[in-house]
1. Is it true that some residue in the range 119-142 is assigned to a loop (DSSP other than H, G, I, E, B), over 20 Å from the mean Cα position of the chain (by Cα) and of a type in the set (D, E)?
2. List every residue pair whose Cβ atoms sit under 8 Å apart, with the two residues 6 or more apart in sequence or on different chains, where the first one lies in the range 14-42 and is without any contact (Cβ under 8 Å) to a residue 12 or more places away in the chain and the second, anywhere, is in a strand (DSSP E or B) and acidic (D, E).
3. Out of all the residues in the range 23-31, is one or more within 24 Å of E147 (Cβ to Cβ) and either in contact with a helix residue (DSSP H, G or I) (Cβ under 8 Å, 6 or more places away or on another chain) or surrounded by fewer than 16 Cβ atoms within 10 Å (Cβ to Cβ) (or both)?
4. Is it fair to say V111 is touching a strand residue (DSSP E or B) at 6+ places or on another chain (Cβ under 7 Å) and surrounded by 11 or more Cβ atoms within 10 Å (Cβ to Cβ)?
5. So in the range 1-29, with the set limited to residues that are among the charged types (D, E, K, R) and part of a strand (DSSP E or B), which one is modelled with the lowest pLDDT?
6. Limited to the range 97-118, what total is found for residues that are modelled with pLDDT under 90 and either farther than 17 Å from L71 by Cα or in a strand (DSSP E or B) (or both)?
7. State yes or no: is E37 touching a His at 6+ places or on another chain (Cβ under 9 Å) and within 30 Å of P6 (Cβ to Cβ)?
Amino acid sequence: MPMKCPFCGHTKDKVVDSRESREGQAIRRRRECLSEECGRRFTTYERVEDVPIMVIKKDGRRERFDRKKLLDGLLKACEKRTVPLQQLEAICDEVEGMAHDIADREIPNEVIGEHVIERLRELDDVAYVRFASVYKQFKDINEFMSELKGLLDESAQ
């Protein structure tokens with residue numbers, strides 16, 4: 001769709017100058033109307049449309065992805081553990097990357113949870129158990145013990 005001159009409505013113009021503005025968040029274009037009667041200059045801005053990442057919760061609700069919320073959960077799971085913050089931020093980066101790769105930018109909570117659990121299992125057993133106990137919502141001590149037994153069996157191999 002052609003750009004209309006804001007002064008005369010003519011649909012033909014030429015770009016006189018282009019430059020980045022707002023730290024690369026937009027491109028500012030100076031344009032000149034090609035109408036013989038007008039010839040005035042005007043400015044347009046071009047920016048990427050920001051489509052939010054949505055998380056599909058277990059009950060079907062959709063909630064905006066909150067990186068801080070994910071990082072806070074990881075920090076809580078890793079409290080008093082030797083897991084570097086840089087590795088936790090890398091997990092958050094991976095989750096965001098996964099969401100950006102999905103066409104409709106909606107990612108199920110289960111996908112996030114399973115990815116985080118697998119990454120924590122690689123990093124720290126205690127952090128893994130802490131996160132899993134909240135994420136998997138064990139109904140009783142037997143479910144929790146079963147998870148621990150599986151973890152111990154893996155460690156023994």
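The values are calculated or read from the model by the stated rules, or taken from the named source; none is laboratory data. These numbers come from a predicted model, not from an experiment. Here Cβ is always computed from backbone atoms with ideal geometry, including for glycine, and neighbour counts include all displayed protein chains.
1. yes
2. Going by the 8 Å Cβ cut-off, the qualifying pairs are G39/E32.
3. no
4. Criteria not met by V111.
5. Per the criteria, the residue is E20.
6. Residues meeting the conditions: 6.
7. yes
For every residue, the table says whether it meets (1) more than 21 Å from the chain's Cα centre (by Cα); (2) on the phi > 0 side of the Ramachandran plot; (3) touching a residue at least 24 places away in the same chain (Cβ under 8 Å).
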{"site": "L74", "(1), (2), (3)": "no, no, yes"}
{"site": "R81", "(1), (2), (3)": "yes, no, yes"}
{"site": "L85", "(1), (2), (3)": "no, no, no"}
{"site": "D93", "(1), (2), (3)": "no, no, no"}
{"site": "E106", "(1), (2), (3)": "no, no, yes"}
{"site": "G113", "(1), (2), (3)": "no, no, no"}
